[in-house]
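Colleague: Quick one: this structure, given as structure tokens, is what I'll be asking you about.
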Amino acid sequence: MKRYDELLINRLLDSYEGSALYSESNKNNQRIFCVFNKKNMPDYFDEESTIYDDINQIAMNLQYKELIEIFWKNRREGHIIEKVALNTNNLDEAYNYVKRKKKKALEDKVIELLSNFPYQGETLAEFIQAMTERVLDNKSVKKYFPLNDLKYLEELLLAVQAVTCNEEEIYLRELSMKVYKNSKTLEAMEGKVKNIILEFHPNKDYLLEVEDLLGEFNILKNPSYVMFKGSGKIRFKSSTIDLNELENGIGINSRDLDALHFESVRQVKRLITIENLTTFNRFKDIEAIIIYLGGYHNESRRKLLMKLYAIYPDIEYYHWGDIDCGGFRIYKHLVERTAVPFKPMNMGADILKKYKSYTKPLTEVDRNILLNMAEDINFNIFGDSIEMMLKNGRKLEQEIVGYDL
């Protein structure tokens, strides 16, 4: 059976701790109530149960102990409880009854931990400052962490710091082992960490558009590969790979990218990055270095592209992606984060028109994003495509494009 006595006292204390009465900003005789209704106390109104009488007895017992005051409906004592009020003159007894620490004591411990944590990075600094201010202003931090769980808070601070300060490519579970000596702790906190980063990171506006947030910080969940084909020569330690000799290309683990070196080859006239693996496998161009990035272009992939640009500064650079919001964003980020002069390839209104029978309907979310993109000069290069997409309510994935290219 539920401990309805503890449930009532805890609810009243929750209300008290969130009230102006607790923060002493209200000097009036404010009272703290718990209203009995079907939403707050469904068992009490269950006509097929006898729990109603038990709850009445429990409430009367708490009133006898001078912890609460009962307000009976229509003043009919012993009949139906309308609401109960916390006796704020006996707060110590109420806390002791439910073996609960006072909020002030918990807040002091949280402030102490936040103040003494050896933080690194702007994101964590902003988060710590914001949480400190919320606690001091008697604002809830429940959205971020439970006030009564210091262990969780410390692990959360470590997680935010580990993710935002990471520079080398590493698997999520490896990073978790490194930080916690447990491979699954960081994975369990992933959602919370992402939300904090998106709220407090100095580049949060940019990160809101990132599809793989952990990837942006070089953290991988699984091994990923970058695929190469076309023309060009790749040196890896003592070996040289001639892409011309590999009709279907070669995949290289993303963690080996820093060890790759490229030889300048006169045959190479352009470099093309392709968003979709099916398109990569089908597409051929003997005068191009063709690259499937194998996921979001994180730091190691961007370094790869900048390395190639240094070797081939005078060739053409293209990116071929989906004709949709995601494809436009990936292109924009690719240009902004590498400073390589990529041009979109097969992403124009002419391709939309040519393959209109293969297009898919826009969602309402798609339409809202496209409307914003239409007003953003950073997406002017896709102006004709966006106009046609909004007019026809359609988008196109790149897999279908290219059978006859």
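Colleague: Angle between the Cα long axis of helix 190-200 and the longest principal axis of the chain, 0 to 90 degrees, nearest 10?
Modeller: 90
Colleague: Kindly provide the GluC sites (Glu not before Pro) of the stretch 150-194 that DSSP labels as loop, not H, G, I, E or B, and whose Cβ sees at most 14 other Cβ atoms within 10 Å.
Modeller: Of the GluC sites (Glu not before Pro), the ones in loops of the stretch 150-194 whose Cβ has at most 14 other Cβ atoms within 10 Å are Glu167, Glu168.
Colleague: May I pose another question? Can you list the residues, at least 5 places off or on another chain, whose amide H is less than 5 Å from the amide H of Ile81, using H built in the peptide plane?
Modeller: Sorted by chain and number, the residues that satisfy this are Lys73.
Colleague: Suppose R0 equals 22 Å. What FRET efficiency, 1/(1 + (r/R0)^6) with r the Cβ-Cβ distance, do Glu199 and Asn372 give to the nearest 0.05? If you can, show how the numbers build up before the last one.
Modeller: Values: r = 20 Å, r/R0 = 0.92.
So the FRET efficiency works out to roughly 0.60.
Colleague: Right, something else. Would you mind getting the Kirkwood hydrodynamic radius of the chain from its Cα pairs, rounded to one decimal in Å?
Modeller: Details: mean 1/r = 0.0381 Å⁻¹.
Kirkwood hydrodynamic radius for the chain: 26.3 Å.
Colleague: Can you list, largest first and rounded to whole Å, the semi-axes you get for the stretch 224-400 by taking the square root of 5 times each eigenvalue of its Cα gyration tensor? Provide the component values of the computation, followed by the final result.
Modeller: Values: eigenvalues 194, 52, 39 Å².
They are 31, 16, 14 Å, listed from largest to smallest.
Colleague: Hey, got a sec? Which GluC sites (Glu not before Pro) in the stretch 4-67 land in a DSSP loop and have at most 10 other Cβ atoms within 10 Å? Display every interim value, and only then the final one.
Modeller: Values: sites: Glu6, Glu17, Glu24, Glu47, Glu48, Glu66; in loops: Glu24, Glu47, Glu48, Glu66.
Filter output for the stretch 4-67: Glu24, Glu47, Glu48.
Colleague: How far, in degrees from 0 to 90, does helix 103-116 lean away from the longest principal axis of the Cα atoms of the chain, to the nearest 10?
Modeller: Tilt of helix 103-116: around 30 degrees.
Colleague: What pairs in Lys38/Lys142; Lys73/Lys142; Lys192/Lys343; Lys194/Lys229 have C-alpha atoms more than 29 Å from each other? Write out the running numbers ahead of the final one.
Modeller: On the way: Lys38/Lys142 25 Å; Lys73/Lys142 34 Å; Lys192/Lys343 37 Å; Lys194/Lys229 35 Å.
Checking Cα-Cα distances, Lys73/Lys142; Lys192/Lys343; Lys194/Lys229 exceed 29 Å.
Colleague: Something else: Pop a pseudo-label 7 angstrom from the Cα along the beta-carbon direction at both Asp149 and Asn89 and give the gap in nm to one decimal.
Modeller: Rounded to a tenth, the inter-label distance reads 3.8 nm.
Colleague: Any chance you could give the angle, 0 to 90 degrees and rounded to 10, that helix 364-374 forms with the longest Cα principal axis of the chain?
Modeller: 60
Colleague: If you average the alpha carbon positions of the stretch 186-252 and of the stretch 89-126, how far apart do those two centres end up, in angstrom?
Modeller: Each part reduced to its Cα centre gives a spacing of 39 Å.
Colleague: What is the gain in length, in nm to one decimal, between Lys356 and Lys178 on full extension, counting 0.36 nm per residue of separation less the C-alpha to C-alpha distance? Mind dumping the intermediate values first?
Modeller: Working: separation 178, 0.36 × 178 = 64.08 nm, distance 5.01 nm.
Gain on stretching Lys356 to Lys178: 59.1 nm.
Colleague: Further question: Between the stretch 339-405 and the stretch 3-73, what is the separation of their alpha carbon centroids in Å?
Modeller: 58
Colleague: Residues of the stretch 29-44 with backbone nitrogen within less than 17 Å of a virtual label 7 Å along the Cα-to-Cβ line of Glu82, please, listed as ranges.
Modeller: Correct set: 31-38.
Colleague: Name the trypsin sites (Lys or Arg not before Pro) in the stretch 135-195 that are in a loop by DSSP and that have at most 15 other C-beta atoms within 10 Å, would you? Mind dumping the intermediate values first?
Modeller: Numbers: sites: Lys139, Lys142, Lys143, Lys151, Arg173, Lys178, Lys181, Lys184, Lys192, Lys194; in loops: Lys139, Lys142, Lys143, Lys181, Lys184.
Those satisfying the criteria are Lys139, Lys142, Lys143, Lys181, Lys184.
Colleague: Consider a paramagnetic label point 7 Å from the Cα of Lys73 along Cα→Cβ; state which residues of the stretch 43-60 have an amide N under 14 Å from it.
Modeller: Flagged as within label range: 43-48, 52-53, 56.
Colleague: If you consider only alpha-carbon coordinates, what radius of gyration and Dmax does the stretch 1-131 have, in Å?
Modeller: 18.8, 62
Any read-out appearing in this document is the output of simple, stated calculations on the displayed coordinates, not a laboratory observation. Everything quoted here is computed from the prediction, not taken from an experiment. Here the Cβ is made from the backbone with ideal geometry for all residues, glycine too, and neighbour counts use every protein chain on show.
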